[in-house]
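The values are calculated or read from the model by the stated rules, or taken from the named source; none is laboratory data. This is a predicted model, so every value here is computed, not measured. Here the Cβ positions follow ideal geometry from the backbone for every residue, glycine too, while neighbour counts run over all protein chains shown.
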Amino acid sequence: MDIRTVGVIGCGLMGSGIAEQAARSGFSVVVREINETALEAGRGRVGKSLKRGLERGKLLQEEYESASSRLQYTTELEGLANCDLVIEAATENMEIKKRIFSALDGLVPPHVILASNTSSLSIAEIASATTRPDKVLGVHFFNPVPVMPLIEYVRGFQTSDETMQMARAFGAALGKETVESKDRPGFIVNRLLIPYTLDAIRLLEEQVASKEDIDKGIQLGLNHPMGPLTLADFVGLDTLLFIADAMYEEFKDMRYAAPPLLRRMVTAGYHGRKTGKGFYSY
């Protein structure tokens, strides 16, 4: 089966990027949001990003118009009924995801692949809400989606070889490199990133060094594009805390235990770039 039409559930920061990249790559895209307010915000986010690509010479006028014409927006889940692949990019909450997958399972034909853009949740548990666990997988994009070259695929306990092959072909069509992980908390990237980032926060909390020097030390000393505290702000401190808590719950390993400073910042609403304040002000 060829993938021609892609459904995207959720048009926030990640969902809008996935929808844009799919449309730019020649796929018809149906974007679903929970209400008109969220839908219009997502439509504006995609449109602004496409316009920026045009202005910066990343897209030709014809490509811009073509990608824009391939995007449809809806608040009805039924709008995804004719998709060949549906990517869920909703809130990182297991019960919400399972409700979405259960509803999709009763809506789309049996051959349709269902994917979750989760960064840490169990694909096997998400798949348990469906009658097609062989066609469920994790598709972890990185932010910003049109720029970052990687997709991290996560094979659930029952995900079939055919599903993985189709997913890899889809990734190649998006112009992305792909890696494959087994269904373990954090997968590849966050399994390594989370303890590294938490250690940077502990350094700051213990006043070993300033935030600027911690970031500069890693950026210049290890040739990283940005320091760990800047990256944490970019990812979202609330997201970081959620993943850390999920991984600590699974492994009971102190490497994944969130520092008190991180928890206090999230409680205070300091979530990073998206709220205008994290370790730095934006």
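Residue pairs whose Cβ atoms lie under 9 Å apart, sitting 6 or more positions apart in sequence or on different chains, and linking a residue in the stretch 61-80 that is in the same structural domain as P146 (by TED's automatic domain parsing) to a partner that is crowded, with 18+ Cβ neighbours inside 10 Å and of a type in the set (F, W, Y), are R70/F27; G79/Y73.
If you go through the stretch 177-196, how many residues are loosely packed, with under 14 Cβ neighbours inside 10 Å and acidic (D, E)? Count: 1. Among the residues of the stretch 197-219, is there at least one that is touching a helix residue (DSSP H, G or I) at 6+ places or on another chain (Cβ under 7 Å), small (G, A, S), exposed (fewer than 15 other Cβ atoms within 10 Å of the Cβ) and in the same structural domain as K252 (by TED's automatic domain parsing)? Within the stretch 197-219, one or more residues are touching a helix residue (DSSP H, G or I) at 6+ places or on another chain (Cβ under 7 Å), small (G, A, S), exposed (fewer than 15 other Cβ atoms within 10 Å of the Cβ) and in the same structural domain as K252 (by TED's automatic domain parsing).
Residues that are within 16 Å of L229 (Cβ to Cβ) and either loosely packed, with under 14 Cβ neighbours inside 10 Å or of a type in the set (S, T, Y) (or both) within the stretch 261-275 comprise R264, Y270, T275, listed in sequence order.
The listed residues are E152, E92, E180, and the only one of them that is closer than 27 Å to R255 by Cα, in contact (Cβ under 8 Å) with a residue 12 or more places away in the chain, of a type in the set (D, E) and assigned to a loop (DSSP other than H, G, I, E, B) turns out to be E92.
For the stretch 21-44, which positions are out of contact with any strand residue (DSSP E or B) (no Cβ under 7 Å at 6 or more places or on another chain) and either among the polar types (S, T, N, Q) or more than 17 Å from V6 (Cβ to Cβ) (or both)? Outline the logic, then answer.
Going residue by residue through the stretch 21-44, those that are out of contact with any strand residue (DSSP E or B) (no Cβ under 7 Å at 6 or more places or on another chain) are 21, 24-26, 33-38, 40-41, 44.
Within the stretch 21-44, Q21, S25, I34, N35, E36, T37, A38, E40, A41, G44 meet the criteria.
Residues that are among the aromatic types (F, W, Y) and either surrounded by fewer than 13 Cβ atoms within 10 Å (Cβ to Cβ) or over 20 Å from the mean Cα position of the chain (by Cα) (or both) occur at least once in the stretch 234-250.
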